[in-house]
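Beneath this line is the structure, given in structure tokens, with notes to follow.
The values are calculated or read from the model by the stated rules, or taken from the named source; none is laboratory data. These figures come from a predicted structure and were not determined experimentally. Cβ coordinates were reconstructed from backbone atoms using ideal geometry, including for glycine residues, and neighbour counts include every protein chain displayed. Side chains are part of the model used for accessible areas, which takes the heavy atoms of the whole protein and leaves out ligands, DNA and RNA. Shrake-Rupley method; radii C 1.70, N 1.55, O 1.52, S 1.80 Å.
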Amino acid sequence: MGINGKIAIVTGASSGIGRATAILLSKNGAKVALVARSKENLVELSSLLPESFVVWADLLKETEIKEMVKKVYKHFGRIDILVNNAGRGYHVPIMQIESKKYSELFDLNVIGPLIAMQQVVPIMEKQKKGVVVNISSGTSLMQIPGIAAYSSLKRALNAISLTAMEELKENNISVCLVYPYITKTNFHKNLINGGRWSMEENDNLPKIDTPEYVAEKILEAIDTERAETFAHDWMKR
Ligand SMILES: NC(=O)c1ccc[n+]([C@@H]2O[C@H](COP(=O)([O-])OP(=O)(O)OC[C@H]3O[C@@H](n4cnc5c(N)ncnc54)[C@H](OP(=O)(O)O)[C@@H]3O)[C@@H](O)[C@H]2O)c1
């Protein structure tokens, strides 16, 4: 789908990959709804992006997700693109996973994108076109000790996304996954278990990506409407 003139929702736009994606969408002529909880960051970003629209929402709350989509639709009168990007990690060994924290992350990383998709798809169906992009993770394709909680949530998102693609393509709606590799954002500081995983302590890792690089991949997914877009070819199974 072309981007110029389209209306796009980006969740998690206050930071990292979401912020870079909102900027790149706007540069390419989209009008962007900026969604997250951090009011100051969104207002500052909105001042840089013509005709953008700020919606504060806690995406752990179903009512706030539904209200967010209603507000965007009321403001712009259409929704062409949804980028389900908001998410957090939980990096602990299996024996230390706490069910309450795991459930909370399930709500943010899986249920939230599902509800947002369920809200926008009927609008896209009326418009006879739409693209949903779900931001997964390269870790969902791997078995890395200490990352099972997070990678299993992203695997659930992968399954929902790939199945939705099959179910909705006859209605001209594409549901696409993007798999970022390690990306320099606040993600590792924002881990639900207090950011104990540090990139600085893992300097034997291959070079990490910038959020701007991942944003380009997200726009590539919107453009091609491919089911899966990988940050790097070597990540493909
Ligand atoms: N960075 C990486 O290495 C990496 C690798 C693979 C995949 N990813 C995925 O990329 C996506 C973006 O992460 P990032 O790296 O850009 O991390 P980030 O800089 O920590 O950004 C996370 C975003 O999610 C939002 N968010 C968190 N909880 C929220 C809530 N309850 N309600 C609304 N928004 C919420 C945050 O906004 P507020 O706090 O303002 O609400 C923020 O804008 C995530 O889905 C992550 O899993 C990241």
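Taking the Cα centre of the chain as origin, sum charge times position over the Cβ atoms of Lys and Arg (+1) and Asp and Glu (-1), and report the length of that vector in debye to the nearest 20.
Roughly 380 debye, rounded to the nearest 20.
Any idea how far apart M1 and M235 come out in nm if each label point goes 7 Å out from Cα toward Cβ?
So the two model labels end up 2.2 nm from each other.
With +1 on the Cβ of every Lys and Arg and -1 on the Cβ of every Asp and Glu, and nothing else charged, how large is the dipole of the stretch 91-212 about its Cα centre, in debye rounded to the nearest 20?
For the stretch 91-212, the charge dipole is close to 160 debye.
With no solvent and one point on each alpha carbon, what is the Debye value of log10 I(q)/I(0) for the stretch 78-155 at q = 0.21 Å⁻¹?
The computed values of log10 I(q)/I(0) come out as -0.88.
If you roll a 1.4 Å probe over the stretch 7-235 with all protein chains in place, what percent of the accessible area is carbon or sulfur?
Carbon-and-sulfur percentage of accessible area, whole number: 52.
Using a 10 Å cut-off on Cβ atoms, rank the peptides 25-31, 129-135, 4-10, 139-145 from the highest mean neighbour count down.
Descending packing order for the listed peptides: 129-135, 4-10, 25-31, 139-145.
Over the stretch 36-96, with a single point scatterer placed on each C-alpha, what log10 of the ratio I(q)/I(0) does the Debye formula yield at q = 0.12 1/Å?
Summing over Cα pairs of the stretch 36-96 leads to -0.40.
With a 1.4 Å probe and every protein chain left in place, work out the accessible area per residue of the stretch 7-116 in Å², rounded to a whole number.
Per-residue accessible area for the stretch 7-116 comes out at 46 Å².
Of A159, S99, G29, which is farthest on the positive side of the dipole of the chain, counting Cα position, with +1 on Lys and Arg Cβ, -1 on Asp and Glu Cβ, and the Cα centre as origin?
Positive-most Cα among the choices belongs to G29.
List the relative contact order of the stretch 7-235 as a percent without decimals, with contacts defined as Cα pairs under 8 Å and 6+ residues apart.
The normalised contact order for the stretch 7-235 reaches 21 percent.
Dipole of the stretch 37-159 (Lys/Arg Cβ +1, Asp/Glu Cβ -1, origin at the Cα centre): which of V54, G89, V133 lies farthest to the positive side?
V133
Rounded to the nearest 10 degrees, what's the angle between the helix 62-76 long axis and the longest principal axis of the chain, both from Cα atoms, 0 to 90?
Once rounded, the angle reads 40 degrees.
Arrange the residues F230, F106, F187 by how much accessible surface each exposes, largest first, with a 1.4 angstrom probe.
Correct descending sequence by accessible area is F106, F187, F230.
Would you grab the residues whose amide H sits under 5 Å from the one on V175? Only those 5+ places off in sequence or on another chain, please, with H modelled 1.01 Å from N.
V132, M165
Compute the acute angle (0 to 90°) between the alpha-carbon long axis of helix 16-27 and the principal axis of greatest extent of the alpha-carbon atoms of the chain; round to the nearest 10°.
Value to nearest ten degrees: 30.
R0 = 41 Å: FRET efficiency of S103 with E166, Cβ-based, nearest 0.05?
0.90
Under the rule of -39500 (n - 2.57) per DSSP H run of 4 or more residues, summed and divided by the residues of the chain, what mean residue ellipticity at 222 nm is obtained, to the nearest 500 deg cm²/dmol?
-12500 deg cm²/dmol
Can you quote the Å³ per residue value for the convex hull of the Cα atoms in the chain, rounded to an integer?
Cα-based convex hull of the chain, divided per residue, equals 117 Å³.
Angle between the Cα long axis of helix 148-168 and the longest principal axis of the chain, 0 to 90 degrees, nearest 10?
Taking the Cα atoms of the chain, the angle to 148-168 is about 30 degrees.
Taking the solvent-accessible surface of protein heavy atoms with a 1.4 Å probe, what is the per residue accessible area of the stretch 118-237 in Å²?
50
Please compute the net charge surrounding V32, taking Lys and Arg as +1 and Asp and Glu as -1 over other residues with Cβ under 15 Å from its Cβ.
+3
Between E216 and Q127, what is the FRET efficiency for a Förster distance of 30 Å, r being their Cβ-Cβ separation, to the nearest 0.05?
The computed FRET efficiency comes out at 0.70.
Hey, what's the Kirkwood Rh for the stretch 111-237 if you take every pair of different alpha carbons, in angstrom?
15.7
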